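The values are calculated or read from the model by the stated rules, or taken from the named source; none is laboratory data. Everything numeric in this text was worked out from a predicted model, so none of it was measured. As a convention, Cβ positions derive from the backbone with ideal geometry for all residues, glycine included, and neighbour counts pool all protein chains shown.
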Amino acid sequence: MTIARALFLALLLLLTSGSAAKSLPRIAIIIDDLGYRFDAGQRAIDLPGPISFAVLPGTPRASALAMRAHEQGKEVLLHLPLQARSNDPVQEPLGINLDMSRGEFRDTFELALTSVPYAIGVNSHRGSLLTQHPGHMQWLMEEIQARENLFFIDSYTTHRSVAMRLAREVGVDARKRDVFLDPDRAPETVVREFERMKKLADQRGSIIVIGHPYAATLELLERELPKLAAEGYELVTISELLP
């Protein structure tokens, strides 16, 4: 075999192996806001594939739905309410606010985590105000870091969020949301954002998507999730996309 022939075969092998090793775009989907309605929560948990579920602490069905999700092999997150900019009259139980002392913060976080069994991570609910405040976000990251194997997902409700920076500084595994499937509940919005999800996955290689147990969202996911593999996408658990 000539040297030129050997080099050609080596290059061909390298190119072929690189192509074979190239992974499909990966998509992790979290369904937020479980805890109030059992029927909607159970319908979400029944979605096909490794969907993850974020449960609001202290809500009437929090524990039951977290246990159901775990029993069905799905990952569970604590969907921790953080103070928003707007004065929303609806206040979630066990929320974190800026006027809390360090001790109140720690105790509220502990109660919230205890109320959602099998939680392997934390993601933020609202939080457009609190996620901008380095002091309180450092407290949150310290609470997460103190508990083995917890990670953080920033729902990213404001571009001013300092969550990712504080997570890196404290040493917490973290990522932020790339797409909201349902910024409103209109079916055409969900369809549009689902298509945008696929385009972003192609561009970035892996993305995190958040939806809610709305009728339009669940209907679309029930219909479209079984098609993702044939379309060239890999649906993965949220923990698979952590650093």
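Residue pairs whose Cβ atoms lie under 8 Å apart, separated by 6 or more positions or on different chains, with the first residue in region 223-243 and without any contact (Cβ under 8 Å) to a residue 60 or more places away in the chain and the second surrounded by 13 or more Cβ atoms within 10 Å (Cβ to Cβ) and in a strand (DSSP E or B), are 229/235. Here residue 217 fulfils each of the conditions (1) surrounded by fewer than 21 Cβ atoms within 10 Å (Cβ to Cβ); (2) touching a residue at least 12 places away in the same chain (Cβ under 8 Å); (3) in a helix (DSSP H, G or I) apart from (1). Only one of the listed residues (98, 94) is over 19 Å from the mean Cα position of the chain (by Cα) and within 20 Å of residue 34 (Cα to Cα). That residue is 94.
Only one of the listed residues (124, 161) is within 22 Å of residue 52 (Cβ to Cβ), touching a Ser or Thr at 6+ places or on another chain (Cβ under 8 Å) and not in a loop (DSSP other than H, G, I, E, B). That residue is 124. Of all the residues in region 144-158, those that are buried (at least 18 other Cβ atoms within 10 Å of the Cβ) and over 22 Å from residue 52 (Cα atoms) number 1. Within the span defined as region 136-148, every residue fails to be modelled with pLDDT of 95 or more, part of a loop (DSSP other than H, G, I, E, B) and within 18 Å of the chain's Cα centre (by Cα). Would you check if there is a residue in region 193-210 being under 20 Å from residue 28 (Cα atoms), assigned to a loop (DSSP other than H, G, I, E, B) and modelled with pLDDT of 95 or more? Yes, that holds for at least one residue.
Scanning region 164-181 for residues that are surrounded by fewer than 21 Cβ atoms within 10 Å (Cβ to Cβ) and part of a loop (DSSP other than H, G, I, E, B) yields a total of 4. Counting only residues that are over 14 Å from the mean Cα position of the chain (by Cα), crowded, with 22+ Cβ neighbours inside 10 Å and not in a loop (DSSP other than H, G, I, E, B), region 46-64 holds 1 of them. Restricted to region 121-135, and to residues there that are farther than 13 Å from residue 164 by Cα and in contact (Cβ under 8 Å) with a residue 60 or more places away in the chain, the residue that is farthest from the chain's Cα centre (by Cα) is 125.
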